[in-house]
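A.B. asks: Starting off with a structure, shown below.
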Amino acid sequence: MQNLLRNPQLDLLIAEYPETILAERGMFDRGSNLVVLDNPGETEMMLARASTDDDTVVVRVGANISIRRKGLIEQYTLGDGEPLTRVYLKEIGTVL
């Protein structure tokens, strides 16, 4: 697991899990405010299945984006050269 950002004052931890860690050890904690999956394999999709209706789940498969939030699903396609970061940075604002 790579700790990308931690701010205890905001109760915020952004971490990156390699698929091998998920396959060997599973998740380290249950429930997340925001899960971002970039072209996930079957093992990584367990993060989406383990999320609750209160969590926001962003999944990118190729250029197709799916955002699940509060039981609703929003789907669209990224434009040419449009980065995934634009999508999940916008979603961070909805979580905070």
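The values are calculated or read from the model by the stated rules, or taken from the named source; none is laboratory data. Here the structure is a predicted model, which means the values were calculated and not measured. Cβ: placed from backbone, ideal geometry, glycine included. Neighbour counts: every protein chain shown. In case anyone asks, the SASA skips ligands and DNA or RNA and just uses the protein heavy atoms, side chains included. Shrake-Rupley method; radii C 1.70, N 1.55, O 1.52, S 1.80 Å.
A.B. asks: Can you say whether Val36 is open to solvent by less than 80 Å² (accessible area, probe 1.4 Å), at pLDDT 85 or above and within 10 Å of the chain's Cα centre (by Cα), as far as the supplied structure shows?
C.D. replies: For Val36, the condition - open to solvent by less than 80 Å² (accessible area, probe 1.4 Å), at pLDDT 85 or above and within 10 Å of the chain's Cα centre (by Cα) - is met.
A.B. asks: Which residues, counting only those in the stretch 67-94, are open to solvent by less than 30 Å² (accessible area, probe 1.4 Å), under 13 Å from the mean Cα position of the chain (by Cα) and without any contact (Cβ under 8 Å) to a residue 24 or more places away in the chain?
C.D. replies: Result: no residue meets the conditions.
A.B. asks: Here is a further query. Looking at the stretch 19-33, can you tell me whether even one residue there is open to solvent by 30 Å² or more (accessible area, probe 1.4 Å), at positive phi, in contact with a strand residue (DSSP E or B) (Cβ under 9 Å, 6 or more places away or on another chain) and in contact (Cβ under 8 Å) with a residue 12 or more places away in the chain?
C.D. replies: Residues of the stretch 19-33 open to solvent by 30 Å² or more (accessible area, probe 1.4 Å): 19-20, 23-25, 27-33.
From what's left, at positive phi: 31.
Retained after the next criterion (residues that are in contact with a strand residue (DSSP E or B) (Cβ under 9 Å, 6 or more places away or on another chain)): none.
No, every residue in the stretch 19-33 fails to be open to solvent by 30 Å² or more (accessible area, probe 1.4 Å), at positive phi, in contact with a strand residue (DSSP E or B) (Cβ under 9 Å, 6 or more places away or on another chain) and in contact (Cβ under 8 Å) with a residue 12 or more places away in the chain.
A.B. asks: Still on this structure: Out of all the residues in the stretch 39-54, which are open to solvent by less than 70 Å² (accessible area, probe 1.4 Å) and at pLDDT below 85?
C.D. replies: Across the stretch 39-54, the qualifying residues are Thr43, Glu44, Met45, Met46, Leu47, Ala48, Ala50, Ser51, Thr52.
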